[in-house]
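Here's the structure we're looking at; comments come further down.
The values are calculated or read from the model by the stated rules, or taken from the named source; none is laboratory data. Since the structure is predicted, the reported quantities are computational estimates derived from the model, not experimental observations. Glycine also receives a Cβ, built like all others from the backbone with ideal geometry; neighbour counts cover every protein chain displayed. Side chains included, ligands, DNA and RNA excluded: accessible areas come from the protein's heavy atoms. Shrake-Rupley method; radii C 1.70, N 1.55, O 1.52, S 1.80 Å.
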Amino acid sequence: MTRYHVTPSSNVDSIRKNGLQPRIGERSLSAGEKTPAVFLFANQDDLEQALLNWLGEMFEDEDLVILEIQLPLEYKQFLAQSEYEITCSVAIPPQYIRLYGKNIFF
């Protein structure tokens, strides 16, 4: 299962070390989220639409990195789909993560 995640480039070193951890960050708090999660996009089209619209506006002053996530099928039980994004309720280890368009996993 391939999924995508967008993060400020300043987070890359931590993600390389710790993977993606379910959290409620400041953007999630402002959106009223109450459950820690890793937010993902199901496909490149959803990712592009978000970057061209609401997500791009939220990060207009920050350098962003797109991460490609290769999840094993066992992760399906931890994923929930909403209208435009997917939440993952468990940590995603670095070995499942790579920089979008690169063949090097973290």
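If we scan the stretch 17-30, do we find a residue that is open to solvent by 60 Å² or more (accessible area, probe 1.4 Å), charged (D, E, K, R), over 11 Å from the mean Cα position of the chain (by Cα) and at pLDDT 95 or above?
Among the residues of the stretch 17-30, at least one is open to solvent by 60 Å² or more (accessible area, probe 1.4 Å), charged (D, E, K, R), over 11 Å from the mean Cα position of the chain (by Cα) and at pLDDT 95 or above, which makes the answer yes.
I'd like the residue in the stretch 62-89 that is open to solvent by 40 Å² or more (accessible area, probe 1.4 Å), of a type in the set (A, V, I, L, M, F, W, C) and farther than 13 Å from T2 by Cβ and, out of all such residues, is modelled with the lowest pLDDT.
Result: L64.
Test F41 against the stated conditions and say whether it is open to solvent by less than 40 Å² (accessible area, probe 1.4 Å) and either in contact with a helix residue (DSSP H, G or I) (Cβ under 6 Å, 6 or more places away or on another chain) or on the phi < 0 side of the Ramachandran plot (or both).
yes
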